[in-house]
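Worksheet for the structure shown next.
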Amino acid sequence: MQTQQDQVTFTLRVPIALQAAAKAHAKQEHISLNSLIVRLLEREVAQKGTP
């Protein structure tokens, strides 16, 4: 399990429509918007690898 020392906070600007769609998707998945964004980032990085 991660602790707060293992995490970082940053600001992300997205279009309003994208935020609304992401919130709806997260609600369907019964997870927070933050958890959804982390999952999507993890999936993308895993698929692309690191440079």
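How far is helix 33-48 tilted off the main Cα axis of the chain, in degrees rounded to 10, range 0 to 90?
Tilt relative to the chain: about 50 degrees.
Among Q4, V38, P15, whose Cα sits farthest toward the positive end of the charge dipole of the chain (+1 at Cβ of Lys/Arg, -1 at Cβ of Asp/Glu, about the Cα centre)?
Final value for the positive-end residue is P15.
Quick one: Cα convex hull volume of the chain, Å³ per residue?
Output value, Cα hull per residue: 124 Å³.
Nothing charged except the Cβ atoms of Lys and Arg (+1) and of Asp and Glu (-1): what's the magnitude of the dipole of the chain about its Cα centre? Round to the nearest 20 debye.
It comes to approximately 180 debye.
Go through the stretch 8-17 residue by residue and turn each phi into a ³J(HN,Hα) via Karplus (6.51, -1.76, 1.60, θ = phi - 60°); whole Hz please, and just put x for glycine and proline.
Here the 3J(HN,Hα) series is 9, 10, 8, 8, 10, 9, 9, x, 4, 5 Hz.
So how do K48, K23 rank on accessible area, 1.4 Å probe, biggest first, that is with the largest at the start?
Correct descending sequence by accessible area is K48, K23.
Going by average Cβ neighbours within 10 Å, how do the peptides 31-42, 6-17 rank, with the highest at the top?
My ranking of the peptides, most packed first, is 31-42, 6-17.
Taking a probe of 1.4 Å, how large is the accessible area per residue of the chain, in Å²?
100 Å²
In the chain, what percent of the accessible surface is made up of carbon and sulfur (1.4 Å probe, ligands and nucleic acids excluded)?
In the chain, the share of accessible area belonging to carbon and sulfur is 56 percent.
The values are calculated or read from the model by the stated rules, or taken from the named source; none is laboratory data. Note that the structure is predicted; figures quoted are calculated from it, not measured. For neighbour counting, all protein chains shown are included, and Cβ atoms are generated from backbone atoms with ideal geometry for every residue, glycine included. Just so you know, the surface numbers come from the protein's heavy atoms only, side chains and all, with ligands and any DNA or RNA stripped out. Shrake-Rupley method; radii C 1.70, N 1.55, O 1.52, S 1.80 Å.
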